[in-house]
Amino acid sequence: MYRDVSQLHFQDELNKLIKELECNDINLPAIYIEKEVIKRIPEFANKHQFRHIVIVTDDNTKKVVGDELTLFLEKEGLITQLVILTPTEHNQVIANEETLVELMLATSPETTLLIAAGSGTIHDIVRFVGHKMDIPFISVPTAASVDGFTSKGAPLILRGKKQTIQTASPIAVFADINILVRAPRELTAAGFGDILGKYTSLVDWEISRLIANEPYQARAAAMTRYALDTCINNIEKIAQRDEEGIKIIIQALIESGLVMLVLDYSRPASGGEHHLSHFLEMDMLQKNQKQHLHGAKVGVTTAIIAELYKKFVTESSLEDIKNGTVKKHWRTIKELILSIPEAEQLRSYLRKVGGPDSIQALKIEDKVVRASLNQAHNLRDRCTGLLLINQIKKTELPYPFNSSPLPM
Ligand SMILES: [Zn+2]
């Protein structure tokens with residue numbers, strides 16, 4: 001499906017990754033990243049004999065793409081139904097029981113294809129319902145806001161708690177540059193925040209390999225790093241949100257998503273920064289507060305994790321480390337952590353793309369961040385620098401990090 005040289009290079013690497021992982025039977029989505037590419041959806045649907053199509057939107061994405069897509073499909077003789085999911089009191093669509101059932105009820109039994117037309121949450125709702133009803137779906141992102149479009153995992157809010165359920169990935173992604181360039185600035189900035197998180201998630205993955213013997217895949221790590229570096233090298237273009245910049249970021253998000261899909265786990269793109277972000281999200285859910293964009297939180301927590309890790313390795317010396325395995329790999333761990341950009345540099349990247357750069361900008365209290373630093377490592381059974389620091393700490397980690405040393 002890929003056309004231009006940079007995409008061909010990625011395709012080539014992905015094929016090598018599939019070979020190394022011996023998962024040749026994997027079904028990967030067809031990827032279309034172009035201007036006006038939604039016009040090709042009717043042809044795709046006809047070719048695969050999808051006759052009854054449900055287009056899933058919210059109020060906003062109905063106007064952005066839902067109505068137009070309905071026209072294109074009906075012109076080609078396809079039967080469509082447009083579903084506009086109901087938002088909460090905060091005017092947000094949430095992937096909870098109510099919305100999942102809403103979509104199940106709205107999806108008629110003749111439906112052969114679902115289209116997720118929106119940002120990350122709409123995708124999660126559609127991937128869950130499609131999987132349960134045995135209906136394939138295609139992805140039409142309306143913003144370059146998250147790296148999970150191609151994911152199998154659906155983060156859902158069930159009984160008020162966030163859980164990721166394994167469902168299905170899309171059979172195709174139609175990323176229309178004309179639509180994506182019109183997305184609000186904060187959504188593209190959130191996509192950039194999700195990308196920025198790879199600075200710390202990739203380091204956490206290496207730490208987990210060293211001290212916890214967790215599976216590691218060098219090519220997957222390099223491909224994820226490539227996506228990150230491409231975005232950093234082109235940050236001016238991404239900040240301008242012109243066609244070129246948007247194409248770069250959506251490609252990076254989709255490609256890092258495909259790497260996770262082939263690996264069948266999210267390690268390269270989810271470490272301590274995502275654990276903090278999930279903790280903050282759960283806290284806001286409990287308080288029934290309006291949710292922040294996933295990537296907006298991840299961008300901010302990446303800077304917090306970078307600051308914590310760097311403080312940890314600069315204040316600790318080899319003599320302080322009691323754990324034999326950590327002692328053995330201490331120099332490497334220190335080098336890895338020192339290779340992460342400074343927290344202030346990460347914050348300046350976030351400011352450049354127009355995203356929130358601090359917990360103050362997200363209106364989150366210090367004490368909630370403090371709780372997340374001390375508890376978020378329990379959210380997942382996954383080794384990270386955050387887990388390591390929590391295992392070594394003598395008393396509670398502080399926040400904000402002041403000039404006094406960490407309690408190690
Ligand atoms: Zn993420």
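Summary of computed values
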read-out	value
Subset of the stretch 85-101 [assigned to a helix (DSSP H, G or I) and buried (at least 18 other Cβ atoms within 10 Å of the Cβ)]	99, 100
Whichever residue in the stretch 11-61 is touching a Phe, Trp or Tyr at 6+ places or on another chain (Cβ under 9 Å) and among the basic types (Lys, Arg) and, among such residues, is farthest from residue 171 (Cα to Cα)	39
Every residue from the stretch 1-34 that is of a type in the set (Asp, Glu), in a loop (DSSP other than H, G, I, E, B) and at pLDDT 90 or above	22, 25
Residue list for the stretch 230-257, restricted to those being outside any helix (DSSP H, G or I) and touching a helix residue (DSSP H, G or I) at 6+ places or on another chain (Cβ under 6 Å)	234, 241
Number of the condition not met by residue 12 [criteria: (1) free of Cβ contacts under 8 Å to residues at least 12 places away in the same chain; (2) more than 25 Å from the chain's Cα centre (by Cα)]	(2)
Set 337, 305: member being surrounded by 24 or more Cβ atoms within 10 Å (Cβ to Cβ), among the aliphatic types (A, V, I, L, M) and not assigned by TED's automatic domain parsing to the domain that holds residue 90	305
Filter pass, residue 311 being modelled with pLDDT of 95 or more, part of a helix (DSSP H, G or I) and either buried (at least 22 other Cβ atoms within 10 Å of the Cβ) or not assigned by TED's automatic domain parsing to the domain that holds residue 338 (or both)	no
Pair list, Cβ < 9 Å and 6+ apart or interchain, from the stretch 258-269 residues that are under 15 Å from residue 380 (Cα atoms) and outside any helix (DSSP H, G or I) to residues that are within 14 Å of the ligand (Cβ to nearest atom) and of a type in the set (A, V, I, L, M, F, W, C)	266/260
Subset tally (residues that are among the β-branched types (Val, Ile, Thr) and away from the ligand (no atom under 14 Å from the Cβ)) for the stretch 250-294	2
Residue within the stretch 85-93 that is in contact with a helix residue (DSSP H, G or I) (Cβ under 8 Å, 6 or more places away or on another chain) and within 25 Å of residue 263 (Cβ to Cβ) present	no
Boolean, residue 82 is without any contact (Cβ under 8 Å) to a residue 12 or more places away in the chain, of a type in the set (A, V, I, L, M) and outside any loop (DSSP other than H, G, I, E, B)	no
Test: residue in the stretch 84-91 that is assigned by TED's automatic domain parsing to the domain that holds residue 159, touching a strand residue (DSSP E or B) at 6+ places or on another chain (Cβ under 6 Å) and at pLDDT 95 or above	yes
Any helices (runs of 4 or more DSSP H) falling wholly within the stretch 329-408 and containing at least 2 residues that are of a type in the set (D, E, K, R) and either at pLDDT 95 or above or out of contact with any Cys (no Cβ under 6 Å at 6 or more places or on another chain) (or both)	330-338, 343-352, 366-375
Inter-residue pairs, beta-carbon under 7 Å, first in contact (Cβ under 8 Å) with a residue 60 or more places away in the chain and in the stretch 349-367, second surrounded by fewer than 21 Cβ atoms within 10 Å (Cβ to Cβ) and of a type in the set (Gly, Ala, Ser), 6+ apart	352/239; 353/239; 354/239
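Residues are listed down the side, and each one gets a yes or a no for (1) in the same structural domain as residue 236 (by TED's automatic domain parsing); (2) farther than 21 Å from residue 289 by Cβ:
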site	(1), (2)
155	no, no
160	no, no
163	no, no
168	no, yes
176	no, yes
199	yes, yes
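The values are calculated or read from the model by the stated rules, or taken from the named source; none is laboratory data. All of these numbers come straight from a predicted model, not from anything done at the bench. Note: ideal-geometry Cβ built from the backbone for every residue, glycine included; neighbour counts use all protein chains shown.
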